[in-house]
């Protein structure tokens, strides 16, 4: 199974993941990255620093980038999904 690395990038700061996580596929890495971003937002609720999660493989290639989502954008997205379903 592949190993994925979850690097954090935000406002002049970079936090490199040197350990990574072994997951079955990229979709599992995407789910983990979203969870990681939600946890960061939970402990830093203000929008002072918004973190981007860069998911990379063992070669260092960026496979996926999860952009930060502002709380008001998330709420409006949820409202739109619920009202159109």
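In region 7-29, the qualifying residues are those that are touching a strand residue (DSSP E or B) at 6+ places or on another chain (Cβ under 7 Å) and in a loop (DSSP other than H, G, I, E, B), and the one that is surrounded by the fewest Cβ atoms within 10 Å (Cβ to Cβ) is 16.
So that you can scan it fast, the table gives a plain yes or no per residue for (1) surrounded by 13 or more Cβ atoms within 10 Å (Cβ to Cβ); (2) in a loop (DSSP other than H, G, I, E, B); (3) modelled with pLDDT under 95:
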site: 1; (1), (2), (3): no, yes, yes
site: 5; (1), (2), (3): yes, no, no
site: 31; (1), (2), (3): no, no, yes
site: 36; (1), (2), (3): yes, no, yes
site: 40; (1), (2), (3): yes, no, yes
site: 47; (1), (2), (3): no, yes, yes
site: 78; (1), (2), (3): no, no, yes
site: 82; (1), (2), (3): no, no, yes
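The values are calculated or read from the model by the stated rules, or taken from the named source; none is laboratory data. Every value quoted in this text rests on a predicted model; they were computed, and no experiment measured them. Because the Cβ atoms are built from the backbone with ideal geometry, glycine has one as well, and the counts that use them run over all protein chains shown.
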